[in-house]
């Protein structure tokens, strides 16, 4: 099964100082061992750049753009990067209207729209509550993969 990674997974994967770094690595290894492919979309790279270069007092890593460039290149090497598809926008519009999405949650909706456009069945995240409204996709927590049962999150 293909699984789309939420950006919080990617940030924790590359930031070895994050309290959930080891848990993230273990879950990603488990996904691979179970035959799953964890993928990313361009939005993930954009969001990673944002987190990398945002100030620490705004929940960022306060890195220079040159460092963000190296980190995002590393992420692109680690995960299959799915192409941007034209139908993502129409799917996003459908989902934000259907679920009355507002504010920053529109970005989560776009990840779901990307997954739907690519036929991806699941999204891996630490923030499951942010995605529960979407019935188009299974929401997986890293523990679901570590338990070996991504079919029943």
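Details
- Residue 37 vs. criteria within 27 Å of residue 88 (Cβ to Cβ), at pLDDT 95 or above and loosely packed, with under 14 Cβ neighbours inside 10 Å: yes
- For residue 93, the test of being surrounded by fewer than 20 Cβ atoms within 10 Å (Cβ to Cβ) and over 23 Å from residue 48 (Cα atoms) is passed.
- Residue match in the range 93-100 (condition: within 19 Å of residue 8 (Cβ to Cβ) and modelled with pLDDT of 95 or more): no
- Hits in the range 93-107 (condition: free of Cβ contacts under 8 Å to residues at least 40 places away in the same chain and within 17 Å of residue 47 (Cα to Cα)): 103, 104, 105, 106
The values are calculated or read from the model by the stated rules, or taken from the named source; none is laboratory data. Treat the numbers as computed from the prediction; the structure is a model and nothing was measured. Neighbour counts are summed over all protein chains in view; Cβ atoms, including those assigned to glycine, are modelled from backbone coordinates with ideal geometry.
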